[in-house]
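Below: the structure, in structure tokens.
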Amino acid sequence: MPSSCELGVCGSCECGYRDGLVIHRDVVLPPAKRQDRLMPCVSRARVAVTLDL
């Protein structure tokens, strides 16, 4: 995924995911969007995550 800051603050790498559990480490996404969006430059999978590219 293209990214700009690699710190989870710019939002350029935002992508969707279909299933799995994500550890969100960004400061961009509001709680409602964290249900199906993530910042892959800083977020990690708790269990396998299927990305929706």
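Counting charges near Cys5 (Lys, Arg +1; Asp, Glu -1) among other residues having Cβ under 14 Å from its Cβ returns a value of -2. Placing +1 on the Cβ of each Lys and Arg and -1 on the Cβ of each Asp and Glu in the chain, which of Gly8, Ile23, Leu51 has its Cα farthest towards the positive end of the resulting dipole? It is Ile23. The shape of the chain can be summarised by an equivalent ellipsoid whose semi-axes, obtained from the alpha carbon gyration tensor, come to 16, 11, 10 Å from longest to shortest.
Only the Cβ atoms of Lys and Arg (+1) and of Asp and Glu (-1) were treated as charged; on that basis the dipole of the chain about its Cα centre amounts to roughly 160 debye. Return a whole-number percent for the relative contact order of the chain, with Cα pairs under 8 Å and 6 or more residues apart as the contact set. Normalised by residue count, the contact order of the chain is 44 percent. For the pair Arg18 and Ala32, the difference between a 0.36 nm per residue extended length and the Cα-Cα distance amounts to 3.6 nm.
Every number in this text was worked out from the coordinates using simple rules, so none of it is lab data. Keep in mind the model is a prediction, meaning the values are calculated, not measured. Note that each Cβ is placed from the backbone with ideal geometry, even for glycine, and that neighbours are counted across all protein chains shown.
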